[in-house]
1. For the stretch 95-219, just list the percent of Cα-Cα distances falling in each 5 Å bin from zero outward, please.
2. GNM, the chain, Cα, under 10 Å: largest mean-square fluctuation among Ala81, Ala197, Ala25?
3. Can you work out the accessible area per residue across the chain, with the rest of the protein chains kept in place, probe 1.4 Å, in square angstrom?
4. Rg and Dmax in Å for the chain, alpha carbons only: what are they?
5. Tell me, what % of the accessible area of the chain is carbon and sulfur with a 1.4 angstrom probe?
6. Would you kindly state how much longer the chain becomes between Asn110 and Asn168 on full extension, computed as 0.36 nm times their sequence separation minus their alpha carbon distance, in nm to one decimal?
7. Using a 10 Å cut-off on Cβ atoms, rank the peptides 173-181, 36-44 from the highest mean neighbour count down.
Amino acid sequence: MVEISTSILSIKENAIQKFYDLEVARTDYFHIDVMDGKFVKNDTSVIMKEYTNTIKQISNIPIDVHLMVKDVRKYVDEYLAYMPDRITFHYEALESIEEVKNIIQYIKENNVKVGISIKPDTKVEEIYDFLPYVHMVLVMTVEPGKGGQKLIPETLEKVRILRQYVTNNNIELDIEADGGIKLENIREVVSSGVDIAVVGSGITNTKNYTQTIKKLKNG
Ligand code: DX5
Ligand code: ZN
């Protein structure tokens, strides 16, 4: 059964009540979208820290941090403090293979699972060398930077290629997809080989989180 990581990016008012509702609805993860205004235009760095603080006080549900930032190390240090389940950075944010390997090592040394994310235009082949060292690949199904966008269908072909590659090479990792995932397309997302689906507005814009998450998990 697919796991659901609820993105809280689109939550604007009554945040605490909505976090409680997501806790009751048993989302598998809270997905924290950290944007620095440099790697992507939006800057959510302040609000996402506040939200993470609040979530940590009211829930033990694992935190799935998605860093859409240029200075990866700075934000990894910021979020290590919240003892998240996993921290995912963007491959495109770093300048060299060395830098990628160092940040992977650094996150793991701090006993946090590490994810590497690729934007829609980045080929999966570009990150093959890192796969044996990471716990998760986050395949962006929209251009990173905001919620409520439409899923880009071609990105699911990347998930299929990645699933085939890790199976052929006996590599154990989670494949997460993120952006534009809804009840209408979850079945196609899951059948492409996704383990964890990030859903933001497809959950937070609905009335009954428990019902929505149940339907999403049943694909
Ligand atoms: C986009 C974020 C996604 C987004 C998902 O940059 O990484 O997590 O918030 O929201 P929806 O599901 O509304 O596309
Ligand atoms: Zn995200």
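1. Pairs per bin, as whole percents: 2, 11, 21, 21, 19, 14, 9, 4, 1, 0.
2. Ala81
3. With the other protein chains kept in place, the chain gives 47 Å² per residue.
4. 16.0, 46
5. 47
6. 17.9 nm
7. Highest-to-lowest ranking by the protection proxy: 173-181, 36-44.
The values are calculated or read from the model by the stated rules, or taken from the named source; none is laboratory data. Please read all numbers here as calculations on a predicted model, not as lab measurements. Quick reminder, even Gly has a Cβ in these numbers, built from the backbone with ideal geometry, and neighbours come from all protein chains shown. Heads up: the accessible areas ignore ligands, DNA and RNA and are worked out on the full protein's heavy atoms, side chains in. Shrake-Rupley method; radii C 1.70, N 1.55, O 1.52, S 1.80 Å.
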